[in-house]
Amino acid sequence: MRQQVLMGHLTGFSTAPLVAHNLLVSPSVCMGGDSGIDHARAAESCNDDDVVIVAAYRTPQCRAKRGGFKDTRPEDLLDPVLKAVVERTGIRPDEVGDIVVGTVLAPGSRRAMECRMAAFYAGFPESVPIRTVNRQCSSGLQAVADVASAIKCGYYDIGIGAGLEFMSEHSIGWGPVDNPRIQTNQQVQDCLLPMGITSENVAERYGVSRESQDEAAVRSHKKAAAATAAGRFKDEIIPVHTQIVDAKTGQRKPVTISVDDGIRPNTSMSDLAKLKPAFKKGGGTTAGNSSQVTDGAGAVLLMKRKMAMQKGLPILGVFRSFAAVGCDPAVMGIGPAVAIPAAVKAAGLQIGDIDLFEINEAFASQYVYCCQKLELDPEKVNVNGGAIALGHPLGATGARCVGTLLHEMKRRGKDCRFGVVSMCIGTGMGAAAVFERGSNARPI
């Protein structure tokens, strides 16, 4: 009936005349939002023109200025993940229609050049274009969404959505803005708030306690440590061969970085309780319950399903929907609470249909609030830890989350059909995307 009503909107006919005009439609087994459908059966029958993900890789994520990538160039982080999506799938580099890289902090023209350099290092010919996109913390997810949209529109059949951030060199911050108009608009003023203050605003406005924030941080580290010990990140991490410079001697030592280096397995409530508020006297946001400042990169290879089938490539997931939604900049961290419902609705689903969530832990305050607001089952959210433990390389986080989500969905098999990636965005927005677990069955 919903489909018939929608067809009526599109054709200009009321529902009744649809039968007379032979426009009556019936539910398809691909419609994941119809609760009367056998989900296991529906997952095996999809459209040739579905946009699918066939590979998703990332570098390890390392602490900025102190970690394994502190002496690595940004292009040398992006290079290995771009190379991996080609070498591990066997596609020809010249088949890629575009590479879109989410990135935030570096000057735009400089980062665009670094990304182009990385593509050449990775073996892409000059005919393959590349560009950057900046939607702040959702830039990596936006890159994936942009590529999915371009494939859906028929601009090209194969594309890469990637992300890169090198926070060892570029940190969050800006100089004073000399514009008297700012004083005339409160929301404009709130766009300039330090992110830590917006975290405190969320905690104060929605009653998120310091204790609940610290508990979320402990869980993040414990889950990330357990995932690492169990080898659950091995399928998504590409080891990076680089060098570390000895601060005392200046000597360069070759190293291979293959694990995230910000995870603290022994994090405890007592340890976190000793930390002072980082942004506001008497506040609850600390260095221990906030995301880590991090270096990293990731890349996601997308194409039409028929192309993946022709090439015999395994399908990790199907891109089902994307939404970016604005919210109050003073509490920008609530973004996932407004973006997730929008993306889920666009996919024809309900929150209860989602089996797994990857929600960026920019701050524990906003992460806790969003989970509570949406009444999410804790067993479905960030099951392998989040940004408090793994780090948050701003432009790369979205690509990292897509890979982490899809590899976990693959491990869980047929009982895990739909997943969501979401994050808050500075100046007051949220972004979310819905993915369906992949299937290599032929369309029917």
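The values are calculated or read from the model by the stated rules, or taken from the named source; none is laboratory data. These numbers come from a predicted model, not from an experiment. Note: ideal-geometry Cβ built from the backbone for every residue, glycine included; neighbour counts use all protein chains shown.
Is there a residue in the range 102-109 that is closer than 19 Å to GLY398 by Cα and over 20 Å from the mean Cα position of the chain (by Cα)?
Checked against the condition, which is being closer than 19 Å to GLY398 by Cα and over 20 Å from the mean Cα position of the chain (by Cα), the range 102-109 yields at least one hit.
Inspect all residues belonging to the range 264-280 and state whether any of them is under 19 Å from CYS424 (Cβ atoms), of a type outside the set (D, E, K, R) and assigned to a helix (DSSP H, G or I). No, the range 264-280 contains no residue that is under 19 Å from CYS424 (Cβ atoms), of a type outside the set (D, E, K, R) and assigned to a helix (DSSP H, G or I). Kindly evaluate GLY262 against the criterion of being modelled with pLDDT under 95 and farther than 30 Å from VAL52 by Cα. Answer is no for this residue.
Mind checking which residues of the range 298-331 are more than 20 Å from GLY438 (Cα to Cα) and under 17 Å from the mean Cα position of the chain (by Cα)?
Listed by number, the residues that qualify are ALA323, ALA324, VAL325.
For the range 77-107, the candidate set comprises residues that are part of a loop (DSSP other than H, G, I, E, B) and without any contact (Cβ under 8 Å) to a residue 12 or more places away in the chain; within that set, the residue that is farthest from HIS170 (Cα to Cα) is ARG92.
Output the residues belonging to the range 178-210 that are assigned by TED's automatic domain parsing to the domain that holds ASN289 and of a type in the set (Ser, Thr, Tyr). Selection gives THR198, SER199, TYR206, SER209. Residue count for the range 412-442 under the criterion of being farther than 24 Å from ASN289 by Cα and either touching a helix residue (DSSP H, G or I) at 6+ places or on another chain (Cβ under 8 Å) or part of a helix (DSSP H, G or I) (or both): the result is 15.
Criterion first (modelled with pLDDT of 95 or more, in a helix (DSSP H, G or I) and in the same structural domain as PRO74 (by TED's automatic domain parsing)) does ALA162 satisfy it? It is false that ALA162 is modelled with pLDDT of 95 or more, in a helix (DSSP H, G or I) and in the same structural domain as PRO74 (by TED's automatic domain parsing).
Inside the range 382-411, can you point out the residues that are closer than 12 Å to ILE359 by Cβ, in contact with a Leu (Cβ under 8 Å, 6 or more places away or on another chain) and not in a helix (DSSP H, G or I)? Of everything in the range 382-411, just one residue is closer than 12 Å to ILE359 by Cβ, in contact with a Leu (Cβ under 8 Å, 6 or more places away or on another chain) and not in a helix (DSSP H, G or I), namely VAL383. Mind counting the residues in the range 356-378 that are more than 18 Å from the chain's Cα centre (by Cα), buried (at least 20 other Cβ atoms within 10 Å of the Cβ) and among the polar types (S, T, N, Q)? Looking only at that region, the number is 1. With respect to ASP261, is the statement that it is closer than 26 Å to ASN384 by Cβ, in the same structural domain as GLY335 (by TED's automatic domain parsing), crowded, with 16+ Cβ neighbours inside 10 Å and among the charged types (D, E, K, R) true? Taking the combined requirement at face value, the residue satisfies it. Being touching a Ser or Thr at 6+ places or on another chain (Cβ under 7 Å), farther than 16 Å from GLY428 by Cα and surrounded by 24 or more Cβ atoms within 10 Å (Cβ to Cβ), is that true of even one residue in the range 325-344? Yes, some residue in the range 325-344 is touching a Ser or Thr at 6+ places or on another chain (Cβ under 7 Å), farther than 16 Å from GLY428 by Cα and surrounded by 24 or more Cβ atoms within 10 Å (Cβ to Cβ).
Taken together, the residues in the range 308-335 that are among the β-branched types (Val, Ile, Thr) and either at pLDDT below 95 or under 26 Å from TYR367 (Cβ atoms) (or both) amount to 3. Looking across the range 102-111 at every residue that is closer than 23 Å to MET423 by Cβ and among the small types (Gly, Ala, Ser), the one that is modelled with the highest pLDDT is identified as GLY102.
Look at SER139 and say whether it is on the phi < 0 side of the Ramachandran plot and assigned to a helix (DSSP H, G or I). Here the answer is yes, as SER139 does meet what is asked.
Residue count for the range 227-263, restricted to those that are without any contact (Cβ under 8 Å) to a residue 24 or more places away in the chain, within 25 Å of LYS410 (Cα to Cα) and not in a loop (DSSP other than H, G, I, E, B): 1. Do we find that GLN292 is crowded, with 24+ Cβ neighbours inside 10 Å, in a loop (DSSP other than H, G, I, E, B), in contact with a strand residue (DSSP E or B) (Cβ under 9 Å, 6 or more places away or on another chain) and not small (Gly, Ala, Ser) in this structure? Answer is yes for this residue.
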